[in-house]
Amino acid sequence: MVFFIKEWPNKTATLMADNGTVLWTFSSVDEAQRVCREWYSMQADNVQRSAGCLDPMVSTCAVA
C-alpha cells in the first residue's frame, strides 16, 4: 500500500492512502511520517513472520 502525507497551510498533515482515503490528520509532517514508518515497520515484521522473507514493496510512504 502506498501512503501520501499532505501538509496543509496551518502545518497540520494528513496521512492518505493512494486512493485518496484520509486515514488520519496529525499536528505535523514529522508526526505523520513517524506513524507511517511505525506502521510500515509492523507490516514488514508481519510479512517476515508469515512468509519467511521481507518484500520491500509491501508499503511506501511519501510526502506530497
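The values are calculated or read from the model by the stated rules, or taken from the named source; none is laboratory data. Predicted model, so just to flag it, every value in this text is computed and none were measured. Cβ sites come from the backbone with ideal geometry, for glycine too, and all protein chains shown count toward neighbours. In case anyone asks, the SASA skips ligands and DNA or RNA and just uses the protein heavy atoms, side chains included. Shrake-Rupley method; radii C 1.70, N 1.55, O 1.52, S 1.80 Å.
Counting charges near A13 (Lys, Arg +1; Asp, Glu -1) among other residues having Cβ under 14 Å from its Cβ returns a value of +1.
Using heavy atoms of the protein chains and a probe of 1.4 Å, the accessible area assigned to T14 is about 10 Å². For E7 and Q43, the difference between the fully extended length at 0.36 nm per residue and the C-alpha to C-alpha distance is 10.5 nm.
Note on surface exposure: W24, W8 rank W24, W8 by accessible area, highest first, 1.4 Å probe.
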